[in-house]
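Below: the structure, in structure tokens.
The values are calculated or read from the model by the stated rules, or taken from the named source; none is laboratory data. All values reported here derive from a predicted model rather than from experimental measurement. Virtual Cβ from ideal backbone geometry, glycine too; neighbours counted across all protein chains shown.
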Amino acid sequence: MPGVTEERLFTLSDGSGDRMMGRLDTPEGGGSGPLVVLIHGLMGCDHSAYIWESARFHLARGRRVLRLNLRGAGPAAKYAQRFYFAGCWPDIVDVLEAMMPDAPEGFFIAGFSLGGSVLLNSLPKLPDHLNVRAAATVSVPLDPMQAAAELKKRHNFIYQFTFVHSMKAAYRARGFMRPEISANLDRARTIMDVDNAATAPLHGYPDAATYYEATAGKYMIPKIRVPLLLVHSEDDPWIPPEPYLALRDDLPSNVELALTRRGGHVGYHGTHGAEAWHDLRIDAFLQDLA
């Protein structure tokens, strides 16, 4: 990564003793403009390929980047006993509060997949003094129940198997696993099973369906006031486009929708070293705001 990278730790205000970790990348020359905060997706982290690629993209344009690990994710697992979920917006508030001295021109936040769900749940609740200038999401499940149903289909077997295996391992590594949760995890075969077994009860929801409904991004969008770009592809194998198609005809004035026919799931990757299309689209959005 060109420039300078430093690890930052963030103490969370919920009394758990947990901390989050991110990597602050600064380009040569110091950088300018809003601090770009990148939030990874389910079972991702600060060095996931799409996060790494986007960080390099923004650094090349003179922007500083915070590659944020959600609570308990990747290399930040050692700092936390609890685990992130779509509604963990207080964690985002704590991180932005801590980063304010590094963001005199405010923040621009981009969330990918589940990280985009975290972002959409956070934006209506962020205090004005944090100066979030704008935000963008890429491949976000606006209707989590639809996405969970899509992942059960045969063509997604490998993806679902991989996610379930990783999620089980992540939950088992936590220090608060109750016997009944562990037993239910043993029987889990789908992401929805894992969310029923662990995600929902550990975060105060009676079941996965209630958790999905409470954190569905489609309900958050009308409450968001900052400029927002939504990037999604109709051929995403995991996330159906219907919620985006329904939104298209009634977009709030502060929301832009970039809905493409092709791109897959966070799959707008360039060929032969070309820059990813979603990064280019986000860059155009940022330049329009400026």
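Quick look at the numbers
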| quantity | calculated |
| --- | --- |
| Total residues in the stretch 1-36, condition under 15 Å from residue 71 (Cα atoms) and within 14 Å of the chain's Cα centre (by Cα) | 1 |
| Residue 227 being farther than 17 Å from residue 88 by Cβ and surrounded by fewer than 18 Cβ atoms within 10 Å (Cβ to Cβ) | no |
| Residue that is within 21 Å of residue 42 (Cβ to Cβ), charged (D, E, K, R) and not in a helix (DSSP H, G or I), where the choices are 262, 189, 225 | 189 |
| Members of the stretch 75-132 found to be closer than 21 Å to residue 289 by Cα, touching a Leu at 6+ places or on another chain (Cβ under 6 Å) and of a type in the set (Phe, Trp, Tyr), listed by number | 107 |
| Single residue of the stretch 168-222 satisfying the filter (surrounded by fewer than 12 Cβ atoms within 10 Å (Cβ to Cβ) and among the basic types (Lys, Arg)) that is nearest to residue 135 (Cα to Cα) | 189 |
| Enumeration of residues in the stretch 68-86 that are out of contact with any Phe, Trp or Tyr (no Cβ under 8 Å at 6 or more places or on another chain) and either assigned to a strand (DSSP E or B) or closer than 20 Å to residue 217 by Cβ (or both) | 68, 69, 84 |
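For every residue, the table says whether it meets (1) buried (at least 24 other Cβ atoms within 10 Å of the Cβ); (2) in contact with a strand residue (DSSP E or B) (Cβ under 7 Å, 6 or more places away or on another chain); (3) assigned by TED's automatic domain parsing to the domain that holds residue 8; (4) of a type outside the set (A, V, I, L, M, F, W, C).
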position: 101; (1), (2), (3), (4): no, no, yes, yes
position: 115; (1), (2), (3), (4): yes, yes, yes, yes
position: 122; (1), (2), (3), (4): yes, no, yes, yes
position: 133; (1), (2), (3), (4): no, yes, yes, yes
position: 157; (1), (2), (3), (4): no, no, no, no
position: 166; (1), (2), (3), (4): no, no, no, yes
